[in-house]
Amino acid sequence: MTEMVRKITLSRAVRIMQNLFPEEYNFYPRSWILPDEFQLFVAQVRMVKDGDPSWKPTFIVKPDSGCQGDGIYLIKDPSDIRLAGTLQSRPAVVQEYICKPLLIDKLKFDIRLYVLLKSLEPLEIYIAKDGLSRFCTEPYQEPHPRNLHHIFMHLTNYSLNIHSGNFVHSDSTSTGSKRTFSSILCRLSSKGVDIKKVWSDIISLVIKTVIALTPELRVFYQSDIPAGRPGPTCFQILGFDILLMKNLKPILLEVNANPSMRIEHEQELSPGVFENVPSLVDEEVKVAVIRDTLRLMDPFKKKRENHFPDIYMDRKHRFPPVSDRMSSLKLQLSKLSIVRSQQLGKPLASKEEPPDSDLASASAGGASPEGHLPSICLKQVFPKYAKQFNYLRLVDRMANLFIRFLGIKGTMKLGPTGFRTFIRNCKLSSGSLSMAAVDILYIDITRRWNSMTVVHQDSGMGLQAFVEAFFYLAQRKFKMLPLHEQVASLIDLCEYHLSLLDEKRLVCGRSAPSGGRPPHSGTPQEATPTAQLAEGHPPPCTNSALKLSHSRHALS
Ligand code: ADP
């Protein structure tokens with residue numbers, strides 16, 4: 001996950017989606033990857049400027065590995081990029097700067113929203129119904145050469161603004177330099193803003209971003225978790241940083257894989273004397289996120305439910321006997337909340353409800369196994385809204401094909417033989433696409449991707465290179481359609497041929513499909529009939545079966 005949400009990887013993943021669905025993914029600013037796309041950046045900016053001389057853009061340069069505003073700066077022209085020797089060692093993303101953010105009290109602010117990725121397959125996403133709003137500490141002015149270096153005006157990072165003399169610590173959740181997002185929504189609502197729409201746009205942004213991230217995550221996942229075996233249940237709390245534009249459109253700034261869960265902040269009691277003091281706003285938002293996450297992920301829950309069914313049925317709002325570490329953790333958290341609620345003079349879980357629109361009113365568990373526990377802050381949004389978003393999951397389906405042909409367990413790159421097998425099994429070669437042309441396509445695309453600034457240097461074709469090859473093949477085969485329809489048609493075709501092949505293999509009693517794995521075999525939960533067959537019987541002596549058994553030995 002840490003790898004996936006780095007600025008460059010995230011930009012690449014979103015860009016693939018922007019190519020397929022430009023309208024749906026216009027919540028992410030146009031970005032270029034440095035140093036690889038520096039010339040492209042210069043050329044594109046020049047082209048737009050030539051067409052519209054009144055366009056006076058601003059760009060923000062963000063180092064790939066940076067966080068907390070580290071190394072970020074604003075520029076007005078591509079020639080202002082600090083190329084001097086640093087770019088090769090420090091790759092970065094340069095992005096269109098959003099010049100007209102929504103201001104409150106004349107200050108720019110952003111939103112930190114917590115998102116629980118509960119499971120990758122099936123995809124389950126929960127969103128915390130309250131978040132944090134982090135404020136700048138210098139009144140905002142649109143970027144101008146004279147104010148570009150005013151970090152307290154342009155960057156909302158808490159870690160930077162805390163050092164400003166204007167930072168306001170507040171005991172209230174609706175004033176000061178850090179507030180709850182719900183307090184912002186309340187304020188907007190009182191001014192007549194349609195906050196249901198704002199909230200539902202934010203939920204869409206989160207779901208679409210996770211959909212952009214999941215294909216590559218699944219490639220990482222299958223390389224770590226053996227297929228067809230019960231593995232660990234992985235989950236992750238993500239921190240989404242979102243900016244609201246003046247017209248209330250949410251813009252994705254970045255995703256954090258390890259969002260801070262601190263519930264105290266440093267305060268300067270007297271000059272030079274610092275003390276950690278509880279931060280009411282952080283506690284209000286973060287304790288609820290952790291508590292709900294533990295509830296949803298508790299691996300002992302099912303076991304206890306079987307042992308104490310009456311407790312779970314009758315005493316709905318109470319925890320079961322303290323029989324394990326997870327329960328005791330929950331208890332501590334609940335005590336913390338009770339104490340805090342009493343301090344605030346509020347009942348537990350009486351926080352302001354965010355707006356309840358069709359999309360915004362996320363389910364409180366419903367018929368799910370955890371439906372009998374009160375869901376205080378985390379609301380399920382996927383699969384709840386899957387119907388509205390599933391059409392976007394084309395790259396996920398491409399990742400299924402990719403993973404199927406990876407062959408050897410533990411690898412994340414497709415070799416030339418795997419790529420050829422993919423072409424052959426999906427019946428994509430023809431008079432106009434010879435296998436020699438397929439090899440050239442593989443070499444061309446793989447070489448280019450591997451020469452770029454990538455972290456994993458092992459040879460072979462990675463998912464993003466495969467996606468590029470797939471786009472190329474789709475454009476050749478279905479010339480007249482828009483890109484996403486070309487791609488969807490090619491995926492349908494591939495899936496159709498592979499299902500025929502699998503059926504044929506099952507009838508013939510062979511266990512492993514060529515390419516090494518059955519479709520969707522990346523998850524331990526979904527052992528397909530073919531995978532079960534391979535588990536129960538000695539594998540037949542096909543090349544792919546041999547590969548499979550070798551890799552299992554290597555793993556054990
Ligand atoms: P970091 O990981 O260093 O915090 P971010 O991408 O979150 O990097 O950027 C830091 C801050 O810069 C954000 O909190 C936001 O205030 C501002 N910012 C980032 N990108 C943009 C943008 N495209 N337009 C306007 N402001 C931005």
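Taking the Cα-to-Cβ direction at residue 266 and at residue 105 and moving 7 Å from each Cα, how far apart do the two end points lie in nm?
My value for the distance between the label points is 2.3 nm.
Hey, if we sort 290, 423, 376 by accessible area with the 1.4 Å probe, largest down, what's the order?
Sorted by accessible area, descending: 290, 376, 423.
Can you sort 55, 199, 449 by 1.4 Å-probe accessible area, starting with the largest?
55, 449, 199
Can you pull the accessible area of residue 154 for me, 1.4 Å probe, Å² to the nearest 10?
0
Once phi is turned into ³J(HN,Hα) by the Karplus curve 6.51 cos²θ - 1.76 cosθ + 1.60 with θ = phi - 60°, what whole-Hz value does each residue of the range 432-449 show in order, with x for glycine and proline?
Residue by residue, the range 432-449 yields 8, 10, 6, 5, 5, 5, 5, 4, 5, 4, 4, 5, 4, 5, 5, 4, 5, 5 Hz.
On a 1.4 Å probe surface of the protein chains, which of 96, 503 comes out largest in accessible area, and what is the full order?
503, 96
Could you tell me how far the Cα centroid of the range 441-504 sits from the Cα centroid of the range 126-194, in Å?
Here the answer is 43 Å between Cα centres.
So how exposed is residue 112, as accessible area in Å² (1.4 Å probe, rounded to 10)?
Accessible surface of residue 112 is approximately 20 Å².
Picking from 79, 41, 93, whose Cα lies most toward the positive end of the charge dipole for the range 30-97 (charges on Cβ: Lys, Arg +1; Asp, Glu -1)?
Of the candidates, 79 comes out farthest on the positive side.
Quantify, in whole percent, the carbon and sulfur part of the accessible surface of the range 392-505 (1.4 Å probe; protein heavy atoms only).
That fraction is 59 percent.
Could you sort out which of 106/246; 427/477; 106/129 sit more than 21 Å apart by Cα distance in this structure?
Those over the limit are 106/129.
Mind checking the per residue accessible area of the range 392-505 for me, 1.4 Å probe, whole number of Å²?
In whole numbers, the range 392-505 has 45 Å² accessible per residue.
Leaving ligands, DNA and RNA out of it, work out the accessible area of residue 67 with a 1.4 Å probe and give it in Å² to the nearest 10.
That residue has around 80 Å² of solvent-accessible surface.
The values are calculated or read from the model by the stated rules, or taken from the named source; none is laboratory data. Just so it is clear, the model here is predicted, and its values are computed rather than measured. Please note: Cβ atoms are built from the backbone with ideal geometry, for glycine as well, and neighbour counts cover all protein chains shown. Ligands, DNA and RNA are stripped out before the accessible areas are found, and what is left, the full protein with its side chains, is counted by its heavy atoms. Shrake-Rupley method; radii C 1.70, N 1.55, O 1.52, S 1.80 Å.
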